[in-house]
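To start, the structure itself, in structure tokens.
The values are calculated or read from the model by the stated rules, or taken from the named source; none is laboratory data. Everything numeric here is computed off the predicted structure, so don't read it as measured data. Heads up, the Cβs are rebuilt from the backbone with ideal geometry, glycines too, and the neighbour counts pull from every protein chain shown.
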Amino acid sequence: MHYLGDLVPHWDFFSNTNEEQRVSGWRPLAVAGELSLAVAAGTASVLYALWVADDAALALRMLICGIGGVIPDLLSGLTLYLKNANGLLKINNRVQAKLQFQAPLPWGIFTQILVSVFSVLVILGSTTR
């Protein structure tokens, strides 16, 4: 699913940058901050499923989907720091390079907002049944 999401035009911290820009300056800090927020949101979601919804199966699905959703970006991030990327890392980078549609600001943010709103509506629609 991550690769399909990459087909949607979007902006990220590495849009229109070279390798040197990706590992220096503010970008690595922004990515670390974003990762921290993602871990906090994932943890809160799993704890909600366990404690409020009292649904261990839902918590497990949330955990697995969350981890699975970030694996492609994690593998891409590793190649920034590993000079001899091979095997799965190379394959992942080739697939992401072909599929990822990086859009410039502000259009990339606009499409991300649309996808987020659509996702929230789908989630809310599924909880009212």
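Candidates are the residues of segment 84-100 that are over 14 Å from the mean Cα position of the chain (by Cα) and assigned to a loop (DSSP other than H, G, I, E, B); the one that is surrounded by the most Cβ atoms within 10 Å (Cβ to Cβ) is Ala85.
Given the structure, is Leu78 of a type in the set (A, V, I, L, M, F, W, C) and surrounded by fewer than 15 Cβ atoms within 10 Å (Cβ to Cβ)? Taking the combined requirement at face value, the residue satisfies it. If you go through segment 109-122 one residue at a time, do you hit one that is outside any helix (DSSP H, G or I) and surrounded by 14 or more Cβ atoms within 10 Å (Cβ to Cβ)? No, segment 109-122 contains no residue that is outside any helix (DSSP H, G or I) and surrounded by 14 or more Cβ atoms within 10 Å (Cβ to Cβ). Restricted to segment 1-46, and to residues that are touching a helix residue (DSSP H, G or I) at 6+ places or on another chain (Cβ under 8 Å) and more than 23 Å from Ile109 (Cβ to Cβ), which residue is surrounded by the fewest Cβ atoms within 10 Å (Cβ to Cβ)? So, considering only residues that are touching a helix residue (DSSP H, G or I) at 6+ places or on another chain (Cβ under 8 Å) and more than 23 Å from Ile109 (Cβ to Cβ), the one surrounded by the fewest Cβ atoms within 10 Å (Cβ to Cβ) is Glu19.
Evaluated against (1) on the phi < 0 side of the Ramachandran plot; (2) assigned to a loop (DSSP other than H, G, I, E, B); (3) of a type outside the set (D, E, K, R), Val46 falls short on exactly one condition, (2). Residue pairs whose Cβ atoms lie under 6 Å apart, separated by 6 or more positions or on different chains, with the first residue in segment 18-37 and modelled with pLDDT under 80 and the second hydrophobic (A, V, I, L, M, F, W, C) and outside any loop (DSSP other than H, G, I, E, B), are Arg22/Leu80; Val23/Leu80. Residues in segment 59-75 that are surrounded by 13 or more Cβ atoms within 10 Å (Cβ to Cβ) and small (Gly, Ala, Ser) were compared, and the one that is nearest to Val23 (Cα to Cα) is Gly69.
If I filter segment 61-83 for residues that are assigned to a helix (DSSP H, G or I), within 19 Å of Gly42 (Cβ to Cβ), modelled with pLDDT of 80 or more and touching a strand residue (DSSP E or B) at 6+ places or on another chain (Cβ under 6 Å), do I get at least one hit? No, the conditions are met nowhere in segment 61-83.
Screening Leu88 with (1) modelled with pLDDT of 90 or more; (2) under 21 Å from Leu4 (Cβ atoms) gives one miss only, at (1).
Quick check, is Pro104 part of a loop (DSSP other than H, G, I, E, B), under 20 Å from Leu4 (Cα atoms) and of a type outside the set (Lys, Arg)? For Pro104, the condition - part of a loop (DSSP other than H, G, I, E, B), under 20 Å from Leu4 (Cα atoms) and of a type outside the set (Lys, Arg) - is met. The single condition among (1) surrounded by 15 or more Cβ atoms within 10 Å (Cβ to Cβ); (2) more than 28 Å from Gln21 (Cβ to Cβ); (3) aliphatic (A, V, I, L, M) that Ala56 does not meet is (1).
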